[in-house]
1. Give me 187, 165 sorted ascending by neighbouring Cβ count inside 10 Å, so fewest comes first.
2. Residue 286 to residue 241: FRET efficiency via 1/(1 + (r/R0)^6), r the Cβ-Cβ distance, R0 56 Å, to the nearest 0.05?
3. Averaged over all directions, how much area does the convex hull of the C-alpha atoms of the stretch 15-65 cover when projected, in nm²?
4. Using a cut-off of 15 Å between alpha-carbon atoms, which aspartates and glutamates can reach residue 426, once sequence neighbours fewer than 8 places away in the same chain are excluded?
5. Starting from the Cα coordinates of the stretch 102-199, work out the convex hull volume and express it per residue in Å³.
6. Taking the Cβ of each residue in 136, 116 as the centre, tally the other Cβ atoms inside 10 Å and list the residues starting with the fewest.
7. What does the charge count around residue 81 come to, taking other residues whose C-beta lies under 13 Å from its C-beta (Lys +1, Arg +1, Asp -1, Glu -1)?
8. Return 181, 357, 37 ranked ascending by Cβ neighbour count within 10 Å, so the fewest neighbours appear first.
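Quick note: the coordinates plus some simple rules give every number you see, no bench work behind them. Everything numeric in this text was worked out from a predicted model, so none of it was measured. Methodologically, a virtual Cβ is constructed for each residue, glycine included, from the backbone with ideal geometry; neighbour enumeration extends over all protein chains shown.
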Amino acid sequence: MSNTRPNANLRTILNADLPAELYAEAVGQADVAISITDLKANILYANQAFERATGYGAEELRGKNQSMLSNHTTPRLVYETLWARLAMGKAWSGRLLNQRKDGTPYLADLTITPVHGPDGEVHHYLGMHRDVTDMHQLEQRSRNQKQLIESVVDMAPMAIALLDETGKVILDNQAYKKLVTDVGSREPAEVLIEALENQGAGGGRGNDRRKFLRREGEVRIERPNRPEPRWFSVSTLPLDVAQESADAFFGAATRRCLLLVAVDITPLRIEQEKARTAALKALLAEEEHASALRESLSATLYRLEEPMNLIASAVGRLRARGEGAVSGALEQALGLGRETLDDLRRLIPLEGQEASTSVNLNEVLRDVLSISTPRLLAAGITVEWQPAPVLPNVIGRPLQLRTLFKALMDNAIDALDGKRAVREIKLVTLPCADCVQVMVDDSGPGVAPELRLKAFEPFFTTRKSGSRHMGTGLPRAQQIAAEHGGGVELLDAPGGGCRVRVDLPLGSHAE
């Protein structure tokens, strides 16, 4: 047989280099429990480690069958598999539940190898086993603890995820999996980490997320065409996890992972937002009232300047003709008129001084939508809300930015008169390389290309007489955008109608 030659070679080596008694002593003193049996599993030899493992002495074991060690709880199929393997002349490895002399059960990790004689036939079996009871208990304890921890993590109300050094999620719970529906096709962890980075002005865009810094903060995630965004209290904690590969055994090599925990605080923030929106609505109403007063007085002054200029021209002509009496009377009237105009200018309310801060434009637009809801419902206008889930913050004056987008929303609503079959407004926000872009599309008649620059002139309007606006909405919006280092542009909407695009830079430009 194929294994006859190796056995012969081994005997040759032993006879030439190793005394037989040394070989016997090595087997006898080995720390592994070793036994040799005949083909019926009767014990012919057992070493000292076998005696220690079983509690039986050599004389008690010799001639007895290996079955004396069985605890009689090992499934019958295990023994059937064992003997079938040995019958084929092949070794078998597995675990058996044995019993010591004192009745104590123990788990034996056993390997039985057929021993072939010079004729190639199997004459004996060599058995080697270790007591792995403690190891098994440790494995079970570890497995149970892992299962308990995973169950607790999976049932936790907060979203939990563990990311590897590439940013890939390697462990998560059910609460985390549910976030996928709120962030679309992107990985929720990526969105939450990006939102944390974007908390400051400019949002820290361009930072390498693989650095896995420790962070914590409150983030806001926008959801397309949903009535409310979601708010989370997010924490990230870098962890050093031991490498599992064999070559890292002595090197104590570790890899960097990141633990992400996100607690949904949306219900609390919704209640806070209701109170904040009510206060903001009152503040914007006051600002709109002051703006309307400024608009009315400015329009009045603008219209009175023309006759005053005509009177001044007439005074010049009369004086040239030598008609001093008439020119003097008109000049006196002109002076009184200019004094009156100066008095009117002093009555124009001054704009409040607002400090610049870090502003999320998604939040600004949400506020404008909330405030504009009554007008939208009354006009039967549907709104398509398509925000970027996460936007980098810009530096600006929050109230002025709300005034800007409120003016654009009012213009869009006014463009959708009741005679139009389709009345839709679409709001889109996009993060760009160095700015945030906002687009307000309406399905109205649009603005002709030759009027798009003129539309930004003060008091220019294409609305019918009697409109509550006097043509200062777009100029005011452009002025606010310019004060923030940005701009406003009129374009054709893709589906027809007008698109107003606003670009606001990420840096600090507001004065």
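1. Values: 187 16, 165 12.
Neighbour counts put them in this order, fewest first: 165, 187.
2. Efficiency, from the Cβ-Cβ distance: 0.50.
3. Mean projected area of the Cα convex hull: 4.0 nm².
4. Partners found: 384, 410, 414, 441, 442, 492.
5. Details: hull volume 22.2 nm³, N = 98.
Cα convex hull per residue, to the nearest whole number: 227 Å³.
6. 136, 116
7. Result for the local shell: +3.
8. On the way: 181 9, 357 13, 37 20.
So the residues, fewest neighbours to most, are 181, 357, 37.
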